[in-house]
Amino acid sequence: MAIGDHRKVIAVANPAALANAAAERVIARIAANPGRIAICLTGGSSPKALYQLLATEAYRGRIPWDRVHWFIGDERFVPAGDPLNNMNMARNAFLDECAPKPNVHPIPTDTASPDDPDKSAELYEHELKSFYGADELDASHPLFDLVLMGVGPDGHTASLFPNYPALDEAKRWVVGVPKAHVEPFVPRVTLTLPALASCREMLFEVAGSEKRAILTRVFAGENLPANRAQSLGETIWLVDQAALPEHFRG
């Protein structure tokens, strides 16, 4: 079903079906590009099943690992091996086993300024621009083939929280966030809305009854970060039945 003119909602039965549907969309985006491929991962609990699925025999043989580069949309400002580190979760789930190390692009959190995520943001922005080959984003040349996203209980996505200055950043590709709006209350580094939007497809994964309240607000059009995050191409929301708002159910 479509909502407004910028996103499509696809309902699935349960988290397992959601992971399978997401995996097929990842494979489809990879197959559509015969050249170098860039995928922007997300943290949180929702994508873990997807990541584990990509490492299984059913999927890993369908991915040209040497051509796919893996980035991350936001990071908790903790050491690379910390359990709270988003890319650490993705590495444990599938990247370390499947992807060439040079093709994995984590946000550097082990910087000389342990309490200042801005330096980390500056370094990652430089890496993204080097990969992209330009300092300005061009709508006809998306940065990413696919951007994976989630939504938090307050409507945040990536580490773009309601009413935070990072939400309105129009020039920077990556910014530091001094303190999160939700647990864990640690500094963050996040891609900005323009950088996230520079993709052929943005794919939200949302599962569980605890997400139904915030999805009701999002789908009602409330001014929340998750509503402001849109792809220049397709914006898809994969939602399981438990998370689907009442007026969408059935």
For this session: Among the helices (runs of 4 or more DSSP H) lying completely within region 1-115, list those that include at least 2 residues that are out of contact with any helix residue (DSSP H, G or I) (no Cβ under 6 Å at 6 or more places or on another chain).
Result: 15-31, 57-60, 86-90
Seminar exercise, completed: When every residue in region 120-141 that is polar (S, T, N, Q) and within 21 Å of VAL104 (Cα to Cα) is compared, the one most open to solvent (accessible area, probe 1.4 Å) is SER130
Seminar exercise, completed: Condition set of a type outside the set (Val, Ile, Thr), closer than 17 Å to GLU169 by Cβ and under 18 Å from the mean Cα position of the chain (by Cα), scope region 74-119, selection surrounded by the fewest Cβ atoms within 10 Å (Cβ to Cβ): answer is ASP74
For this session: For region 30-73, name all the residues that are modelled with pLDDT of 95 or more, within 18 Å of ALA195 (Cβ to Cβ) and open to solvent by less than 50 Å² (accessible area, probe 1.4 Å).
Result: ILE37, ALA38, ILE39, CYS40, LEU41, THR42, HIS69, TRP70, PHE71, ILE72, GLY73
Problem set entry | Long-range neighbours under 6 Å by Cβ, at least six apart or interchain, first residue without any contact (Cβ under 8 Å) to a residue 24 or more places away in the chain and more than 21 Å from ALA32 (Cβ to Cβ) within region 121-148, second of a type outside the set (Ser, Thr, Tyr) and open to solvent by less than 20 Å² (accessible area, probe 1.4 Å) | none
Exercise. Somewhere in region 89-106, is a residue under 15 Å from ARG188 (Cα atoms) and hydrophobic (A, V, I, L, M, F, W, C)?
Worked result: no
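The values are calculated or read from the model by the stated rules, or taken from the named source; none is laboratory data. Small disclaimer: the values here were computed from a predicted structure and weren't measured. Neighbour counts run over all protein chains shown; Cβ positions are idealised from the backbone, glycine included. Note: areas computed on protein heavy atoms with side chains; ligands, DNA, RNA excluded. Shrake-Rupley method; radii C 1.70, N 1.55, O 1.52, S 1.80 Å.
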